[in-house]
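First up is the structure itself, then whatever we jot down about it.
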Amino acid sequence: MKFEKFHLSEDLVRNLEDNGFFRTTDIQFKAIPSILKGEDVLAIAQTGTGKTAAFAIPIIHMIHSSKTSKRVSGIKCLVLVPTRELAQQIGEVFNRLAKHTKVKPFALFGGVEQDAQIKKLQDGIDILIATPGRMFDLISQGFVDISYIETLVLDEADHMLDLGFIEDIESVKRKLRTRHQTLFFSATINPEIKKLAFSQVRSNAIRIQISPDDPVSKNVNHFVMFVEMDNKRFFLIEYLKQNMEGKFIIFVRTRVRAERVAKVLERSEISSLTIHGGNDQTDRAEVMRAFRAGDCKVLIATDVSARGIDIPDVTHVINYDLPEKPENYVHRIGRTGRGFNKGIAVSFCSPEEKSLLEEIEKLLTKKVEVIKVSQDDYRAIAAPIEPESMSIADMIAHEEALMNAAKRKKKKK
């Protein structure tokens, strides 16, 4: 369905066309009419299906249509998110879609100096996209007033509630002076979290669930490969070399693992970037800028970015380590195959991680397809040689010799 059918403002429709929005996704088609009617909505849809636009479009239209000028009379919409990256990213979406309208959005998050943020707030904004920490800090300082909010949005609602932000959400609601609309959007949600979410919306809220039987988008082909923990690095190097034209996000469990994997790739002359909680916000922003621009096509990330990266041209996701929370599997592999694009996700599963795989399959209610690796391939690629004990040149030569030997053996067969 085309967006014109919703009778949106001409300025907004022009922005949608300029940004490549020509027809609705399922979640947009189902959510936008209910939001425009002022109804509470609890929406669960797969990653990469356009959830941000599903609430940004009607919110911008409603605020734009209610204003006679660009003059601001207070914050009308608050979008709460769990991470800085997500705040920044959603802020960019709102800014692009509000470009020719009377609406002024602003993203507020920690890790950066607050003076410039305070000035922007004092100039006046209509929509605040924020992480709870920085927002409550500036509320206590008297720079943020959320009393007159008409729409409250919780994005990545399951993660927000799971992290214990329910008290923050209730605190926000206590500050609201007028009747408000509540919108919850998420890709995954378990029964316990769903009960918490329902407690925060009106009893007649619209509940939208897209593809409930499979939380993974049909645009993503995902597989698992059984690999010994110590041999993952060899398979990673080989996989990257076989797909040199791809754009990769590699997920690891910890910031230490991220740096180690980056060093392993560096020894094989493969450039990469890392993003994790140990980076300051300026570094994280620069890493994301470089990855978006294609300056580097390999990004190594921890789960701090599993829910905050929306880059349409990511072709592959590799779970170097399986996530400890099964929901994060869905969010990780949802970084590829976004919108109408196709993507591939491969997980390396060591014997120690099989219990994690079982939890993931329980969430998916089905088995993850297995890529079988022959013993010859395994011995060739994953020979138990510690790279730290070899020079860079020797290690590269050793790996190339093993690869070539394996290829020759295949040709003979």
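The values are calculated or read from the model by the stated rules, or taken from the named source; none is laboratory data. Please read all numbers here as calculations on a predicted model, not as lab measurements. A quick note on method: Cβ atoms are made from the backbone with ideal geometry, for glycine too, and the neighbour counts reach across all protein chains shown.
In this structure, does Arg335 turn out to be modelled with pLDDT under 95, within 16 Å of the chain's Cα centre (by Cα), closer than 16 Å to His222 by Cβ and buried (at least 20 other Cβ atoms within 10 Å of the Cβ)?
yes
For segment 32-52, give me each residue that is crowded, with 23+ Cβ neighbours inside 10 Å and at pLDDT 95 or above.
Answer for segment 32-52, where residues must be crowded, with 23+ Cβ neighbours inside 10 Å and at pLDDT 95 or above: Ile32, Ile35.
For (1) more than 17 Å from the chain's Cα centre (by Cα); (2) charged (D, E, K, R); (3) farther than 22 Å from Asp313 by Cβ, each residue gets a yes or a no:
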site: Ile250; (1), (2), (3): no, no, no
site: Arg257; (1), (2), (3): yes, yes, yes
site: Lys263; (1), (2), (3): yes, yes, yes
site: Arg284; (1), (2), (3): no, yes, no
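Looking only at helices (runs of 4 or more DSSP H) that lie completely in segment 1-115, which have at least 2 residues being over 24 Å from the mean Cα position of the chain (by Cα)?
Of the helices (runs of 4 or more DSSP H) lying wholly inside segment 1-115, those with at least 2 residues that are over 24 Å from the mean Cα position of the chain (by Cα) span 10-18, 26-36, 51-66.
Only one residue in Leu152, Leu128 is within 25 Å of the chain's Cα centre (by Cα), closer than 22 Å to Phe55 by Cβ and either without any contact (Cβ under 8 Å) to a residue 60 or more places away in the chain or loosely packed, with under 15 Cβ neighbours inside 10 Å (or both). Which one?
Unique residue meeting the criteria: Leu128.
Can you tell me which residues in segment 219-264 are free of Cβ contacts under 8 Å to residues at least 40 places away in the same chain and surrounded by 17 or more Cβ atoms within 10 Å (Cβ to Cβ)?
Ala262
Tell me the residue from Leu97, Leu128, Leu152, Leu80 that is within 18 Å of Ala31 (Cβ to Cβ), modelled with pLDDT of 95 or more and not polar (S, T, N, Q), please.
The unique qualifying residue is Leu97.
Hey, can you tell me all the residues within segment 323-332 that are out of contact with any Phe, Trp or Tyr (no Cβ under 7 Å at 6 or more places or on another chain), touching a residue at least 40 places away in the same chain (Cβ under 8 Å) and buried (at least 23 other Cβ atoms within 10 Å of the Cβ)?
Glu327, Val330, His331
Just for strands (runs of 3 or more DSSP E) wholly inside segment 195-308: which have at least 3 residues that are within 30 Å of Glu358 (Cα to Cα) and at pLDDT 85 or above?
Because the criterion is at least 3 residues that are within 30 Å of Glu358 (Cα to Cα) and at pLDDT 85 or above, the strands (runs of 3 or more DSSP E) in segment 195-308 that meet it are 220-226, 248-251, 298-301.
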